[in-house]
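Below is one structure; the comments refer to it alone.
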Amino acid sequence: MVEKSLLTPNLSRRDFVKALGTITTALGLPLTVADKAAEAASNVDNRPPVIWLHFQECTGCSEAILKTTHPSPAELILELINLCYQETLMADFGHSAERLLEESIKKYAGKYILIVEGSIPLKDNGVYCKIGGKTAIDILKHTAASAAAVINLGICATSGGIASAGSNPTGAVGAPELLPEGIPYISLPGCPPNPYNLLGVVMFLLNFNKLPEVDSKKRPLFAYGTLIHEYCERRANFDAGRFAKEFGDEGHRNGFCLYQLGCKGPITHANCSSIKFNEGIVWPIGNGNPCIGCTEGDVLFKESLFSHAMVIQPRLNSNVPPATPEDLGKSPTAFQGAVVGTVLGAVVGGGAVLASKLSKEPEDENK
Ligand code: FSX
Ligand code: SF4
Ligand code: F3S
């Protein structure tokens, strides 16, 4: 078992429950989820056993969970689960690690959650990813066969990710292609996925003993139910036709919309524009990088970085006055859930027709 005290040295019970509550609110989950999850997890025997496998990936998905500030998602997640096997975190290696995996599968058969990171190469009988002499194909099939449910963590495990880009030399696919028929699974794409969404799924599981509601790509609706574009802090500039034209130009420096630099926010479903990363402080667009669609398997590494996304959501309000510098940076953040609700209410109340399509690119008033 992974020794959680190495990772959770100073987390008091009070801080733990408080942090769960904040994150529950930010994710838009029922408020009871945090209390009930904390209560369930207070009995160690109630914590779901978890086996966590890695295949073709950069380990960024695990790193995103670990390399954040106090209390990190890792601290919180490890208080809620019984982590039996995780190659990045555990001390075991070699034969001892192989034994640990087999023992965990046997001991918790039918009860454990399997978390999968990384894609699985199918080409040439899977020789391009082997661990302990076994292919990723065999390890995944064997481990998934006795799992209660599977969480595909990251775009690689969801649909192949970076290893499947271009000519896909290893024949990389996501885990869903190999999972046994009928096994419940959920996907948390992203490169990396937002750690708070994994935490949300774990809390939901503890609370309701089932996976949350999903969309057609098996992504939880609480996290992937809206477009990046809807709550983007640069959205007022999009609506007002103010665009950065080149990296480093005046518009870019002033926080104008990144659409013309290839931003895929209008076709990407995820909650990073509202919850962000690292305690709600940073995210790609906030840092000046166009969204590359890392939660959409048919966009990331498939669409050119600089192509213009088809905008499926019109302006929220055509009467929005041009943004001023003072408007910039005042968007909802992870820890201002009430503000998110207010913005959503204003949008719906304003009668925005979300389904209509704009067949052309947004007008650019700066032309
Ligand atoms: Fe992929 Fe994750 Fe990107 Fe990296 O495990 S989703 S390459 S952040 O590490 O799988
Ligand atoms: Fe934000 Fe991108 Fe939409 Fe512009 S196009 S408002 S930068 S998500
Ligand atoms: Fe990914 Fe776009 Fe969010 S690149 S992290 S979905 S802003």
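The values are calculated or read from the model by the stated rules, or taken from the named source; none is laboratory data. Please read these numbers as outputs of a predicted model, since none were measured by experiment. Every residue, glycine among them, receives a Cβ derived from its backbone with ideal geometry; neighbour counts consider all protein chains shown. All accessible areas refer to the heavy atoms of the entire protein, side chains included, with ligands and DNA or RNA removed. Shrake-Rupley method; radii C 1.70, N 1.55, O 1.52, S 1.80 Å.
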Calculate the spin-label point distance for residue 254 paired with residue 209, positioning each point 7 Å from the Cα along the beta-carbon direction, and give it in nanometres. 5.8
Counting only the heavy atoms of the protein chains, how much of residue 269 is accessible to a 1.4 Å probe, in Å² to the nearest 10? 50
5 Å binning of all Cα-Cα separations within region 159-240, expressed as whole percents from 0 upward: 3, 12, 17, 19, 18, 14, 9, 6, 2, 0
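Which percent of the Cα-Cα distances in region 13-223 go past 25 Å?
35
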Spin-label pair residue 31/residue 109, simplified geometry with 7 Å Cα→Cβ offset, distance in nm: 4.5
Order by accessible surface, 1.4 Å probe, largest leading, for residues 95, 252, 142 comes to 95, 142, 252
Determine how large the accessible area of residue 22 is when every protein chain is in place; take a 1.4 Å probe and give Å² rounded to the nearest 10. 50
Could you sort 242, 47 by their accessible area in this structure, using a 1.4 Å probe and putting the largest first? 242, 47
List the pairs from 107/130; 111/276; 141/217; 18/67; 36/106; 141/210 whose alpha-carbon separation is above 26 Å, in the order I gave them. 111/276; 36/106
Beta carbons within 10 angstrom, averaged per residue: use that to sort the peptides 112-123, 281-292, 34-45, highest first. 112-123, 281-292, 34-45
Simple spin-label estimate for residue 216 and residue 66 in nanometres, 7 Å along Cα-Cβ: 3.8
